[in-house]
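Below: one structure, written as structure tokens.
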Amino acid sequence: MVCRLRLSTYMRLSTVTPAFRRLGRQTFSKANVFHSDRSTTVRGRVPLSIWEKVTAQLHNQSLHPLNILRREIEAHFEKTYPSLFELHSSLSPIVTTEQCFDHLLIPPSHTSRSPTDTYYIDKHTLLRPHMTVHDVPLLRGGSEAFLLCGDVYRRDSVDRTHYPVFHQIDAARLFPCGTSQEYIVDDLKSSLSGLAHHLFGPETRMRWVEGSFPFTSPSFELEIFWRDEWLEVLGCGLIRRGVLQNGNVSNDVNGWAFGLGLERLAMVLFEIPDIRLFWSRDTRFLDQFKDGDFQRKFKPFSAYPSIEKDISFWIGEESTFHENDFHEIVRSLSEDLVESVSMVDRYKRAERTSLCFRIIYRSMERSLTHVEINELHDSLREFVAETLPVTLR
Ligand code: PHE
């Protein structure tokens with residue numbers, strides 16, 4: 001069989017040896033991926049497919065499109081504010097829940113605390129879901145202006161623009177005592193619209209809309225008009241007093257912070273059609289960025305045919321099933337052969353609900369065969385039946 005699947009996270013359960021079967025399940029078993037008791041904070045540990053990404057550091061790989069964009073943004077800030085911002089791009093993505101949530105005033109009920117959204121390593125440690133987690137420790141260490149780049153992790157749906165690992169640039173800047181809030185907001189907005197014009201061109205239309213983040217107030221989002229639609233590109237605002245206090249910043253000092261997703265920007269800028277491409281080692285992708293030009297447009301090298309398959313199951317009324325768990329299994333078992341997963345049907349009968357998901361299999365690099373996809377899909381069904389609180393139809 002053509003096996004693009006990682007043996008340690010995926011096993012053809014019917015044919016592998018018992019030792020391999022144990023190994024396969026060890027990394028992605030019911031016990032360590034899902035916690036049946038939703039009241040605990042730990043839903044499960046981090047699957048191997050995610051751990052493998054922790055060491056990739058795409059944003060630090062020379063001439064990778066994410067690295068090109070990161071450097072362009074850093075250079076823009078350096079040019080606009082010479083020697084003002086400290087740069088960090090190797091901060092560890094493993095952080096504490098205190099740092100991730102409490103420092104940033106994220107309330108106990110906030111969805112980002114849920115193990116269905118965030119990768120917990122244990123009850124007190126997790127893979128950062130955003131780069132803002134570093135603000136308070138850096139402020140405590142005396143930093144007054146910094147630009148951070150790193151990999152962030154979120155359980156999410158599977159489609160062309162979402163991937164469980166992506167990259168962000170975050171920044172914060174404090175101002176001298178007594179600087180007015182109006183001045184700081186003006187500085188924030190002009191820095192960011194300057195950046196957007198630099199990246200997308202002076203003609204680009206953009207607008208500010210009200211945002212909402214637990215750690216900033218007021219908060220804003222910047223949207224740019226791109227191919228007939230408004231696209232949100234970043235979030236920002238004035239850092240809340242409580243966060244500054246957590247960072248031991250004195251009471252008369254204020255500052256701004258912002259955060260942006262690099263993949264989202266890079267997809268627009270380089271015209272990259274599918275987020276999985278950032279993880280590709282295919283030279284037909286990487287070689288197109290060899291000159292480091294941030295205005296380069298990607299020329300797709302293929303449109304390989306897709307294979308669609310549906311999977312349907314029942315969930316009970318009290319079921320702990322969460323859609324993100326299903327997406328995660330699909331992404332993990334199929335490596336990057338799945339382009340999207342979407343719910344195509346949902347109905348209730350008596351005490352149960354029937355869900356049907358359509359999976360579009362399509363490789364970015366080659367044609368898939370029906371034999372391998374049938375095999376993969378069967379294994380997926382088997383795995384879903386074993387690990388999720390559902391009954392296959
Ligand atoms: N951390 C936010 C996010 O991931 C972005 C943000 C950073 C917003 C800093 C405001 C200030 O969406």
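The values are calculated or read from the model by the stated rules, or taken from the named source; none is laboratory data. Every value quoted in this text rests on a predicted model; they were computed, and no experiment measured them. Heads up, the Cβs are rebuilt from the backbone with ideal geometry, glycines too, and the neighbour counts pull from every protein chain shown.
Residue 126 satisfies every condition listed in (1) surrounded by 15 or more Cβ atoms within 10 Å (Cβ to Cβ); (2) more than 16 Å from the ligand (Cβ to nearest atom); (3) over 14 Å from residue 167 (Cβ atoms) except (2).
As for segment 222-230, it holds no residue that is more than 16 Å from the ligand (Cβ to nearest atom), farther than 30 Å from residue 289 by Cβ and without any contact (Cβ under 8 Å) to a residue 40 or more places away in the chain. Within segment 296-330, the set of residues being among the hydrophobic types (A, V, I, L, M, F, W, C) and assigned to a loop (DSSP other than H, G, I, E, B) comprises 298, 301, 303, 321. Considering only residues in segment 71-98 that are farther than 26 Å from residue 120 by Cα and among the β-branched types (Val, Ile, Thr), the one that is surrounded by the fewest Cβ atoms within 10 Å (Cβ to Cβ) turns out to be 80.
Does residue 117 fit the bill of being buried (at least 16 other Cβ atoms within 10 Å of the Cβ) and closer than 23 Å to residue 77 by Cβ?
Working: buried (at least 16 other Cβ atoms within 10 Å of the Cβ): yes; closer than 23 Å to residue 77 by Cβ: no.
In short, no.
What about residue 234, is it without any contact (Cβ under 8 Å) to a residue 60 or more places away in the chain, among the hydrophobic types (A, V, I, L, M, F, W, C) and within 12 Å of the ligand (Cβ to nearest atom)? Talk me through it step by step, then tell me what you get.
On the way: without any contact (Cβ under 8 Å) to a residue 60 or more places away in the chain: yes; among the hydrophobic types (A, V, I, L, M, F, W, C): yes; within 12 Å of the ligand (Cβ to nearest atom): yes.
So residue 234 passes the test.
Only one of the numbered conditions (1) in contact with a helix residue (DSSP H, G or I) (Cβ under 9 Å, 6 or more places away or on another chain); (2) surrounded by fewer than 18 Cβ atoms within 10 Å (Cβ to Cβ); (3) modelled with pLDDT of 50 or more; (4) β-branched (Val, Ile, Thr) is violated by residue 68, and that is (2).
Can you tell me which residue within segment 82-117, out of those that are of a type in the set (Val, Ile, Thr) and modelled with pLDDT of 95 or more, is farthest from residue 149 (Cα to Cα)? Steps first, answer last, please.
Taking segment 82-117 and keeping what is of a type in the set (Val, Ile, Thr), we get 94-97, 106, 111, 116.
Retained after the next criterion (residues that are modelled with pLDDT of 95 or more): 94-97, 106.
Numbers: 94: 14, 95: 15, 96: 18, 97: 20, 106: 22 Å.
Per the criteria, the residue is 106.
In segment 282-311, which residues are within 23 Å of residue 377 (Cβ to Cβ), surrounded by fewer than 17 Cβ atoms within 10 Å (Cβ to Cβ) and not charged (D, E, K, R)?
Here is the first cut: in segment 282-311, the residues within 23 Å of residue 377 (Cβ to Cβ) are 302-311.
Now drop any that are not surrounded by fewer than 17 Cβ atoms within 10 Å (Cβ to Cβ), which leaves 302-306, 308, 310.
Matches in segment 282-311: 302, 303, 304, 305, 306.
Considering segment 243-262, the residues that are within 14 Å of the ligand (Cβ to nearest atom) and not in a strand (DSSP E or B) include one that is surrounded by the most Cβ atoms within 10 Å (Cβ to Cβ), namely 262. Scanning segment 348-393 for residues that are outside any loop (DSSP other than H, G, I, E, B) and among the charged types (D, E, K, R) turns up 348, 349, 352, 358, 372, 375, 378, 381, 382, 386. Sort out which residues of segment 157-208 are part of a strand (DSSP E or B), aliphatic (A, V, I, L, M) and over 22 Å from the mean Cα position of the chain (by Cα), and write them in order of number. Hits for segment 157-208 are 174, 206.
Among the residues in segment 146-156, are any within 26 Å of residue 53 (Cα to Cα), part of a loop (DSSP other than H, G, I, E, B) and modelled with pLDDT under 95?
For segment 146-156, residues within 26 Å of residue 53 (Cα to Cα), part of a loop (DSSP other than H, G, I, E, B) and modelled with pLDDT under 95: present.
Suppose the filter is farther than 16 Å from residue 231 by Cβ and within 14 Å of the chain's Cα centre (by Cα); does residue 256 pass it? For residue 256, the condition - farther than 16 Å from residue 231 by Cβ and within 14 Å of the chain's Cα centre (by Cα) - is not met. Candidates in segment 115-131 are the residues that are out of contact with any helix residue (DSSP H, G or I) (no Cβ under 9 Å at 6 or more places or on another chain) and not in a strand (DSSP E or B); of these, the one that is farthest from residue 258 (Cα to Cα) is 115.
Check 143, 193, 180 and return the single one that is more than 14 Å from the ligand (Cβ to nearest atom), polar (S, T, N, Q) and touching a residue at least 40 places away in the same chain (Cβ under 8 Å).
Working: 193 fails: touching a residue at least 40 places away in the same chain (Cβ under 8 Å); 180 fails: touching a residue at least 40 places away in the same chain (Cβ under 8 Å).
That would be 143, the only listed residue that is more than 14 Å from the ligand (Cβ to nearest atom), polar (S, T, N, Q) and touching a residue at least 40 places away in the same chain (Cβ under 8 Å).
Suppose we filter segment 139-183 for residues that are hydrophobic (A, V, I, L, M, F, W, C) and closer than 21 Å to residue 75 by Cβ; how many remain? Qualifying residue count for the region: 8.
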